[in-house]
Amino acid sequence: MNHIKQLPDLLLPWYMANARDLPWRKDREPYHVWLSEIMLQQTRVEAVKPYYHRFLEQLPTVESLAQCDDGQLMKLWEGLGYYSRARNLKKAAQIITEQYHGNFPETYEGLLSLPGVGEYTAGAVGSICFGLPEPAVDGNVLRVMARLCADSRCVDDAPVKHDIRDALRLVYQQTENRCGLTQSLMELGATVCVPNGEPKCDLCPCCAICKGHCEKTAMEYPVRKQKKPRKIEEYTMFVLRCGDDIALRKRPEKGLLAGLWELPHTDGHSTIQQALDVAGKWGCKPYEAVSLRKCTHIFTHIEWHMTAVYLLCGSKCGAFTWVSLQALAEDTALPTAFRTALPDFKQP
Ligand code: SF4
C-alpha cells in the first residue's frame, strides 16, 4: 500500500477546487461536525440538509441538546430513522456538558467513549475538528481504498477494515492537513469513486496511482459479503379517527423503533369487515370505513407490507392515546413507517 502515501498531495488540491458547499463544512465547530456525521449515517446528503438546519435552529448548542425535551428531540429526528442515534446524541451531550464543561473531548479515546460514537465518527470529528491523525473509515472510504489498492479481501471483515485504517493512519501521521484529508477522501467516495456503477476515473485526481483503474478492475472492488434478503412482515395498520383525534400508542422500550409512537396494528392483512370487528373489540365503536389501501415501508433488514385502514369511530377507547391532527403534524413524532399508512385527512 506504499503508493497511498501520495494521497494528500493528490487529494488536497483537488478538494480545494471541487469540494461541495455543504452546511456542515462552514466551520469546524465539533458540535456541528458531530451532528452532521451522525445524521449522515445511512442517510443521503440532500435528505439531511433540512434536518440539520432545523435541528440547529432549535438546539443551537450542545447544552441546549443536553437539556431538550425528548418529545422535541424525536420530532426533530422524525423521518430520519434509526432513532437511537438521536437518543445517543442527547446522552453524549449530557456527558459533554457535565463531565467536560461543555467542550468536546479532544482525544480519539475521549471521543470514542461518548454514546453513539464509533471509530468512524471519532475519526471524523477528531481529524476534522482537532487535527488528530485518525482516519474516518466508512463504506465510501473502504470502497476508494479497495479500488486504489486492488484489494480483493472482503471489506466487511473487521481485520480487513482495521488493516485499511492502519494503512491510512500512517498517511495521516505524515500530513498536517488531516481535516482536509478526511474531507477529501469522503468527497472522492461520494462524488467520483461512486458506489453502484462505474467510478468516474477520468475525473479522479488519483487515477495515476490507482491499481484498480490501471488494471481495469476497479468495478470488481470492493468485495462485500452477500446481504441476506430482507425479512417480510405483514400488518394491518389502523388509522382510528374520533372527531379530530387519531389513536396512537407507544411501542415497547426495546427493539425496532423502541419507545416511539405507533399506529395500532395487527398481524397479517385484514379485510374491511375484519378491521371493523377488531376496532369494535378495542371499544372504538367504528361506524364508517373511509379507505383501505396497501403500502410498504423498507427498513435495513425488514420490509413491512401493510394494509392501511382508515376508520371513523364513535368512542376514544382508553387503550390508546388520542392525538389531535394538529399535534400529529406539529409536535408528535410518528416514524415514517406509520406516516406512510396515514391517509389524506382532507377526506371526511
Ligand atoms: Fe476510484 Fe477510479 Fe479514482 Fe481509482 S481512479 S480511486 S477507481 S475513481
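The values are calculated or read from the model by the stated rules, or taken from the named source; none is laboratory data. All of these numbers come straight from a predicted model, not from anything done at the bench. Quick reminder, even Gly has a Cβ in these numbers, built from the backbone with ideal geometry, and neighbours come from all protein chains shown. For the accessible areas, the whole protein counts, side chains as well, though only heavy atoms, and no ligand, DNA or RNA atoms are used. Shrake-Rupley method; radii C 1.70, N 1.55, O 1.52, S 1.80 Å.
Please find, among 10, 22, 65, 35, the residue that is within 18 Å of residue 144 (Cβ to Cβ) and surrounded by 15 or more Cβ atoms within 10 Å (Cβ to Cβ).
Being within 18 Å of residue 144 (Cβ to Cβ) and surrounded by 15 or more Cβ atoms within 10 Å (Cβ to Cβ) holds for just one of 10, 22, 65, 35, which is 10.
Would you confirm whether or not the range 278-286 contains a residue that is charged (D, E, K, R), assigned to a loop (DSSP other than H, G, I, E, B), touching a residue at least 60 places away in the same chain (Cβ under 8 Å) and farther than 23 Å from residue 82 by Cβ? The answer is no, given that none of the residues of the range 278-286 is charged (D, E, K, R), assigned to a loop (DSSP other than H, G, I, E, B), touching a residue at least 60 places away in the same chain (Cβ under 8 Å) and farther than 23 Å from residue 82 by Cβ. Scanning the range 111-152 for residues that are buried (at least 18 other Cβ atoms within 10 Å of the Cβ) and assigned to a helix (DSSP H, G or I) yields a count of 22.
I'd like the full set of residues that are over 30 Å from residue 333 (Cβ atoms) and either touching a Phe, Trp or Tyr at 6+ places or on another chain (Cβ under 6 Å) or of a type in the set (Phe, Trp, Tyr) (or both), limited to the range 199-247. Within the range 199-247, 205, 212, 221 qualify. Of all residues in the range 153-169, count the ones that are free of Cβ contacts under 8 Å to residues at least 60 places away in the same chain and either within 16 Å of the ligand (Cβ to nearest atom) or open to solvent by 60 Å² or more (accessible area, probe 1.4 Å) (or both). So the answer is 6. Here is a check on your reading of the model: is residue 249 under 27 Å from the mean Cα position of the chain (by Cα) and within 16 Å of the ligand (Cβ to nearest atom)? No; evaluated as a whole, the condition is false for this residue.
Of all residue pairs spaced 6 or more apart or on separate chains, those with beta-carbon atoms under 8 Å, a first member in the range 137-149 that is over 14 Å from residue 196 (Cα atoms) and more than 9 Å from the ligand (Cβ to nearest atom) and a second member that is open to solvent by less than 20 Å² (accessible area, probe 1.4 Å) and among the basic types (Lys, Arg) are 137/165.
Any chance the range 74-81 includes a residue that's open to solvent by 50 Å² or more (accessible area, probe 1.4 Å), under 25 Å from residue 258 (Cβ atoms) and among the basic types (Lys, Arg)? Checked against the condition, which is being open to solvent by 50 Å² or more (accessible area, probe 1.4 Å), under 25 Å from residue 258 (Cβ atoms) and among the basic types (Lys, Arg), the range 74-81 yields no hits at all. Scanning the range 187-210 for residues that are within 22 Å of residue 156 (Cβ to Cβ), within 8 Å of the ligand (Cβ to nearest atom) and either in contact with an Asp or Glu (Cβ under 9 Å, 6 or more places away or on another chain) or open to solvent by 60 Å² or more (accessible area, probe 1.4 Å) (or both) returns no hits. For a quick check of your reading of the model, give me the residue pairs whose first member lies in the range 324-347 and is in a helix (DSSP H, G or I), whose second is acidic (Asp, Glu) and exposed (fewer than 15 other Cβ atoms within 10 Å of the Cβ), with beta-carbon atoms closer than 8 Å and at least 6 apart or on different chains. From the range 324-347, the pairs are 325/244; 326/244.
Identify, please: which residue in the range 211-234 is more than 10 Å from the ligand (Cβ to nearest atom) and not in a loop (DSSP other than H, G, I, E, B) and is, among those, farthest from residue 299 (Cα to Cα)? So, considering only residues that are more than 10 Å from the ligand (Cβ to nearest atom) and not in a loop (DSSP other than H, G, I, E, B), the one farthest from residue 299 (Cα to Cα) is 220.
Among the residues making up the range 271-319, those that are modelled with pLDDT of 95 or more, more than 18 Å from residue 345 (Cα to Cα), open to solvent by less than 20 Å² (accessible area, probe 1.4 Å) and touching a Cys at 6+ places or on another chain (Cβ under 9 Å) are 279, 284, 304, 306.
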